[in-house]
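Enquirer: Here's a structure for you.
The values are calculated or read from the model by the stated rules, or taken from the named source; none is laboratory data. Quantities reported herein were computed from a predicted structural model and do not represent experimental measurements. Don't worry about glycine lacking a Cβ; one is built from the backbone with ideal geometry, like all the others, and counts go over all protein chains shown. Protein only, heavy atoms only, side chains kept; ligands, DNA and RNA dropped before computing areas. Shrake-Rupley method; radii C 1.70, N 1.55, O 1.52, S 1.80 Å.
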Amino acid sequence: MPLTREEVTKLADIYHIRLSDEEIALLQDQMANTLEQFESLTQLDTENVKPTSHAVPLATVLREDVAAPSYPHDEVMSNAPDKQGEFFQVHTVLED
Amino acid sequence: MEHYDITVHGARELLESKQISAAELTESVIGRIDSVEPQVQAYMTLTEDVAREAAAAADKSLSSGDTTPLTGIPMQIKDVMSTKGIRTTCSSLMLENFVPLYDATVVERLYARGPVLMGKGNMDEFAMGSSTENSAFHPTHNPWSLDRVPGGSSGGSAAAVAAGECLFALGSDTGGSIRQPAALCGVTGLKPTYGLVSRFGLVAFASSLDQIGPLTKDVEDSALVLNAIAGHDPHDSTSIPGERPDYTKALTGDIKGMRLGIPKEYFGDGIDPAVDAAVRQGIKTLEDAGAVVEECSLPLTSYALAVYYIIAPSECSTNLSRFDGVKYGFSVDDATTAWETQEKTRARGFGPEVKRRIMLGTYALSSGYYDAYYMKALKVRTLIRQEFEEVFKRFDALITPTTPTTAFRIGEKTGDPVAMYKSDTLTIPVNIAGIPCISIPCGFSEGLPIGMQVMGKALSEESILNIAYTYQQSTDWHTKRPTL
């Protein structure tokens, strides 16, 4: 069963991505088809199984905190689409 | 044989014995690129000037005797790895003009060994895809049959190696993105153990699955390149500590008594009979070389695809949220609020497959579905890992086909994402378990290459490389080159 238009729109809102009406309609079907493939997992009993988030078990990796130079400021800013002086420039975040 | 068609170790002999200069080798590859790139389209960016400079420097090193096995060797880097001062696009409009500030650790390690960068490889956008048709700029064509896909997502890298547009390439493999294109283009592709090679400077797709590895013309080259890129990196906290061996020393050509498992789930339904037959013939070759072959079973194999298509999109939706139109990359200029900038930048900067996966990942991670999808997938991942661990108590390696079919036609699967996803059925389990695996050419069907995988337990690169090497000692599939 396809996802509803509202379901797809809600996800797009969560992610802050704008989708066209055509994209939403296509995703309603395509996401449902893919989610159907996931149903098979319910056949497996995972009641007492611990999740694996990484293939190689590594404990928290710690190291000495050693001071090192940062990348030059102007280089870091060189890819910014919009800047003002030393700062990234963005549009209004909070409205009046 | 033309110079662009030789292996890395073959070129090294010619360079060391002064039968050819690095400049001549580089010009041979540039000439080849000029003549076949219009049809193959394996590159996103060509760096001929950088290449000529590096070749000149390599010739100086060669005359002074200060060389490494990669000095003067023309290479391509998949455009998902950062190259300082050279644009790195991930074949996405989002990064069309992005120029990194630093080199990925693998690039830095390679540069220290003197190879010659020919350019950056075309790929599926942000490494999401199995055909390189998801590049926002152009598809890559399979050098064996130009109306077919080279596989993906490292399709540009595999095609470039097959077509003689570089001597080796670096790719990345999240669910088969090195091995599947290697198989479809008739080259050798290695996905190392997760953590063997640093991911620092690799633009992240699915961080718990991504791994960088070589695409080469044969196994000896694969070992040479692995020697250069493998190593612990403090910049990547998931990189495995400790020294790495010299992988070329493992290539003895002796596999007598090695126990090879043939997991039955990788054969049968859905596998092209020609692929099945070629791989079974390959297994026979290994048996003739003294390996002990026995069928085995990995019953959870069929669940790996679902696990992958939950975990990878979940991780990708998180990783790609960094693209907000503020710090770097594409940004729209017709927004009036910060949120609108972000929404429209993503709408126009990302292609359809990337959007599909972001949405799937957001779904799997969202409240109410997290346990049913994401957490469930992580638990089944544990079961799949355990199943591999059990089987590797009985076997030194497993042999399977790399792909269910040979290269499919361009456009054949673009309308059906699930059909496209299924072309990775046989490569995905390896990434879920984090184990190493190499794909090597093992035959042809109707002029199209077939690949065979050798999988091993974690950190068994020496063993799987030697098995693959032994196979190539008594076969010549890896020496075949397409006519272009």
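Enquirer: Which members of region A:58-81 meet the condition of being more than 7 Å from every other protein chain (Cβ to nearest Cβ) and surrounded by 10 or more Cβ atoms within 10 Å (Cβ to Cβ)?
Expert: Selection gives A:P72, A:M77, A:S78.
Enquirer: Kindly list the number of the only condition in (1) in contact (Cβ under 8 Å) with a residue 60 or more places away in the chain; (2) of a type in the set (A, V, I, L, M); (3) under 24 Å from B:V187 (Cα atoms) that fails for B:I384.
Expert: Failing condition for B:I384: (3).
Enquirer: Please find, among B:S302, B:S297, the residue that is touching a helix residue (DSSP H, G or I) at 6+ places or on another chain (Cβ under 6 Å) and open to solvent by 30 Å² or more (accessible area, probe 1.4 Å).
Expert: B:S297
Enquirer: Which members of region B:400-441 meet the condition of being more than 21 Å from B:G268 (Cβ to Cβ) and acidic (D, E)?
Expert: Selection gives B:E412, B:D416.
Enquirer: Right, A:T52: farther than 29 Å from B:G415 by Cα, more than 8 Å from chain B (Cβ to nearest Cβ), of a type in the set (V, I, T) and not in a helix (DSSP H, G or I) or not?
Expert: no
Enquirer: Within region B:140-168, count every residue that is of a type in the set (D, E, K, R) and open to solvent by less than 10 Å² (accessible area, probe 1.4 Å).
Expert: Total satisfying the criteria: 1.
Enquirer: Something else about it: All but one of (1) over 18 Å from B:I358 (Cα atoms); (2) more than 7 Å from chain A (Cβ to nearest Cβ) hold for B:A335; which doesn't?
Expert: All conditions pass for B:A335, except number (2).
Enquirer: Any idea which of (1) open to solvent by 60 Å² or more (accessible area, probe 1.4 Å); (2) out of contact with any strand residue (DSSP E or B) (no Cβ under 7 Å at 6 or more places or on another chain); (3) of a type in the set (S, T, N, Q) is the one A:Q89 doesn't satisfy?
Expert: (2)
Enquirer: Among (1) over 30 Å from B:M94 (Cα atoms); (2) over 19 Å from the mean Cα position of the chain (by Cα); (3) open to solvent by 40 Å² or more (accessible area, probe 1.4 Å), there is one condition B:T405 misses while meeting the rest; what is its number?
Expert: It fails just one condition, (2).
Enquirer: Quick one: would you say A:T42 is open to solvent by 50 Å² or more (accessible area, probe 1.4 Å), hydroxyl-bearing (S, T, Y) and over 19 Å from B:I311 (Cα atoms)?
Expert: No; evaluated as a whole, the condition is false for this residue.
Enquirer: Which residue is least open to solvent (accessible area, probe 1.4 Å), if the candidates are limited to region B:459-482 and must be more than 27 Å from B:E243 (Cβ to Cβ) and among the aromatic types (F, W, Y)?
Expert: Among those that are more than 27 Å from B:E243 (Cβ to Cβ) and among the aromatic types (F, W, Y), it is B:Y471.
Enquirer: Still on this structure: Go through (1) under 26 Å from B:V197 (Cα atoms); (2) of a type outside the set (S, T, N, Q); (3) surrounded by 22 or more Cβ atoms within 10 Å (Cβ to Cβ) and name the single condition B:R346 misses.
Expert: (1)
Enquirer: Going through region B:352-391 one residue at a time, which ones are within 30 Å of A:T9 (Cα to Cα), of a type in the set (S, T, N, Q) and either in contact with a Cys (Cβ under 8 Å, 6 or more places away or on another chain) or within 9 Å of chain A (Cβ to nearest Cβ) (or both)?
Expert: B:T362, B:S366
Enquirer: State all residues of region B:295-316 that are under 30 Å from B:R87 (Cα atoms) and at the interface with chain A (Cβ under 7 Å from one of its Cβ atoms); if no residue qualifies, say none.
Expert: Scanning region B:295-316 gives a single hit, B:Y309.
Enquirer: Something else: B:L365 fails exactly one of the following numbered conditions: (1) open to solvent by less than 40 Å² (accessible area, probe 1.4 Å); (2) modelled with pLDDT of 95 or more; (3) farther than 30 Å from B:I283 by Cα. What is the number of that condition?
Expert: It is condition (1) that B:L365 fails.
Enquirer: Still on this structure, please answer the following. The conditions are (1) without any contact (Cβ under 8 Å) to a residue 24 or more places away in the chain; (2) basic (K, R); (3) farther than 16 Å from B:P115 by Cβ, and B:K60 fails exactly one of them. Which is it?
Expert: (3)
Enquirer: Failed condition for A:T34, given (1) touching a residue at least 12 places away in the same chain (Cβ under 8 Å); (2) in contact with a Pro (Cβ under 7 Å, 6 or more places away or on another chain), with all others met?
Expert: (1)
Enquirer: Taking region B:40-94 only, how many residues are under 24 Å from B:V203 (Cβ atoms), over 22 Å from the mean Cα position of the chain (by Cα) and either at pLDDT below 95 or not in a helix (DSSP H, G or I) (or both)?
Expert: Residues in region B:40-94 being under 24 Å from B:V203 (Cβ atoms), over 22 Å from the mean Cα position of the chain (by Cα) and either at pLDDT below 95 or not in a helix (DSSP H, G or I) (or both): 1 in total.
Enquirer: Can you find a residue in region A:7-26 that is more than 7 Å from chain B (Cβ to nearest Cβ), more than 25 Å from the chain's Cα centre (by Cα), modelled with pLDDT of 95 or more and in a loop (DSSP other than H, G, I, E, B)?
Expert: The answer is no, given that none of the residues of region A:7-26 is more than 7 Å from chain B (Cβ to nearest Cβ), more than 25 Å from the chain's Cα centre (by Cα), modelled with pLDDT of 95 or more and in a loop (DSSP other than H, G, I, E, B).
Enquirer: Looking for whichever is assigned to a helix (DSSP H, G or I) and surrounded by fewer than 17 Cβ atoms within 10 Å (Cβ to Cβ) here; the options are B:K249, B:K256. Which one fits?
Expert: On inspection, the qualifying residue turns out to be B:K249.
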